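Got a structure for you, written out below as structure tokens; questions coming shortly.
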Amino acid sequence: MEFDLSWLLLGVPIVFALGWLASRFDLRQLRIENRQAPKAYFKGLNYLLNEQQDQAIDAFIEAVQRDPDTTELHFALGNLFRRRGEYERAVRVHEHLLSRADLPLSDRERAQHALALDFLKAGLLDRAEEALRKLDGTRYQDQAWLTLLSLYERGRDWPQATAVAQRLAQRQQGDFAHRLAHYLCEQAATAQAKHKDFQRAQQLLRDAIAQAPDAARPRIQLAGSMAAQGDSATAFAHLLELEDHAPQALPLVASELVRIGNELGELERARSVLRRRYAVDPSVDIADALVQADVASGVSLKQAREGYVRHMVQEPSLIAAARWLSQESFAHDGAHEAVQRSVEDAARPLARYRCAACGFEAQGYFWQCPGCQAWDSFPPRRIEEL
């Protein structure tokens, strides 16, 4: 049986035509999908601008399904999940990105940083620490170290915090001298309070003074440690050093300076230091301490209380008024208690300290704000004086 070549010649054009039609169909489908993907993407952006996060997530999921290789859509989706508190879904998105072998190095670093933030926001601090450490040597390294520093401070892991702060200082990411001094002070407080190891505590505080000579906390804390051991003379000497190194902190220790000075027979020296500081920067706490010094030196209470009046002439103060009123006699004795209580209630909120970073208010002074965790953010002055 002979093979008829005419069928072959006829079949070639047919096969070519079918292939051409198939390619046209695929190209048309691809164009439709490419048009739909940007449409879903822009729809998501529109929802995002209108703060409609649920609809934005749905639109981005649709866009990712149509174009699974687009990394920017994955990052947008992961960030949205994190902002909504859906940390598990955010982690899955960023882990999916990291699992891709074709992901460029810059996007891989970005995904690793995003994953660390997911763990951090979710409160998974161990996993966040591990993820942050993987960013060493990347463009996110300094950001990662700053975040690690915050983690170690939150966990009160002062040796680890010290190591990270020193690395940041070496890379000239800021001045960490005062923060390093605080870490030493924290360790000293633990050594003294929990282990009764006064010797180690005092050595740590001396190291803190060497680390940051102009920091107030190490000298104040060292003075307190010495006074607790009965070494009032050394405690007094450390408090006097504040005048040269951290004079702004004198209101915090004014009463203690007078008390120890009176105990040592050095009351006049303490009073001289406080008067010099008061002349530069009047403070109700220093005014109060000077009144205490006058009483301790034998001045009558009535005459010493004029110190409050002099302060009020210079700086109007409800706190000083309340302290002056406490010993003032009224023509109508029954009114004294009511007036005194009213003035004290009005003055009490003004006697607090306020964080300059977040506005947190407290009756006592803090070296680290309990609200925002910032160091040295409390001015050593009452709210009334700010």
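Quick check on my filter: what residues within the range 227-265 are part of a loop (DSSP other than H, G, I, E, B) and not aliphatic (A, V, I, L, M)?
If we filter the range 227-265 for residues that are part of a loop (DSSP other than H, G, I, E, B), which is where we start, we get 229-231, 241, 246, 265.
Once the filter is applied, which keeps residues that are part of a loop (DSSP other than H, G, I, E, B) and not aliphatic (A, V, I, L, M), the range 227-265 yields GLN229, GLY230, ASP231, GLU241, GLY265.
Here is a follow-up. Could you figure out which of (1) without any contact (Cβ under 8 Å) to a residue 12 or more places away in the chain; (2) closer than 30 Å to ALA228 by Cβ isn't true of GLU256?
(1)
Suppose the filter is under 29 Å from ILE383 (Cβ atoms), of a type in the set (A, V, I, L, M, F, W, C), touching a His at 6+ places or on another chain (Cβ under 8 Å) and assigned to a helix (DSSP H, G or I); does ALA223 pass it? Spell out the reasoning first.
Values: under 29 Å from ILE383 (Cβ atoms): yes; of a type in the set (A, V, I, L, M, F, W, C): yes; touching a His at 6+ places or on another chain (Cβ under 8 Å): yes; assigned to a helix (DSSP H, G or I): yes.
Judged against the criteria, ALA223 is a match.
Separate question: Those residues that are part of a loop (DSSP other than H, G, I, E, B) and in contact with an Asp or Glu (Cβ under 9 Å, 6 or more places away or on another chain), I need them from the range 332-355; list them, please.
Here is the first cut: in the range 332-355, the residues part of a loop (DSSP other than H, G, I, E, B) are 332, 352, 355.
Scanning the range 332-355 gives ARG352, CYS355.
Given (1) touching a residue at least 24 places away in the same chain (Cβ under 8 Å); (2) under 32 Å from the mean Cα position of the chain (by Cα); (3) buried (at least 16 other Cβ atoms within 10 Å of the Cβ), identify the lone condition not met by ALA321.
In the conditions (1) touching a residue at least 24 places away in the same chain (Cβ under 8 Å); (2) under 32 Å from the mean Cα position of the chain (by Cα); (3) buried (at least 16 other Cβ atoms within 10 Å of the Cβ), ALA321 misses (2) alone.
Additional query: I need the full set of residues from the range 366-386 which are surrounded by fewer than 16 Cβ atoms within 10 Å (Cβ to Cβ) and in contact with a Pro (Cβ under 9 Å, 6 or more places away or on another chain), in order please.
Correct list: ILE383, LEU386.
Does ASP157 satisfy the condition of being within 16 Å of the chain's Cα centre (by Cα) and of a type outside the set (Val, Ile, Thr)? Give the derivation first.
On the way: within 16 Å of the chain's Cα centre (by Cα): yes; of a type outside the set (Val, Ile, Thr): yes.
Yes.
State the number of residues belonging to the range 98-111 that are surrounded by fewer than 20 Cβ atoms within 10 Å (Cβ to Cβ), assigned to a helix (DSSP H, G or I), in contact (Cβ under 8 Å) with a residue 12 or more places away in the chain and touching a helix residue (DSSP H, G or I) at 6+ places or on another chain (Cβ under 8 Å).
Residues meeting the conditions: 3.
Coordinate-derived values only; no laboratory data. Everything numeric here is computed off the predicted structure, so don't read it as measured data. Note: ideal-geometry Cβ built from the backbone for every residue, glycine included; neighbour counts use all protein chains shown.
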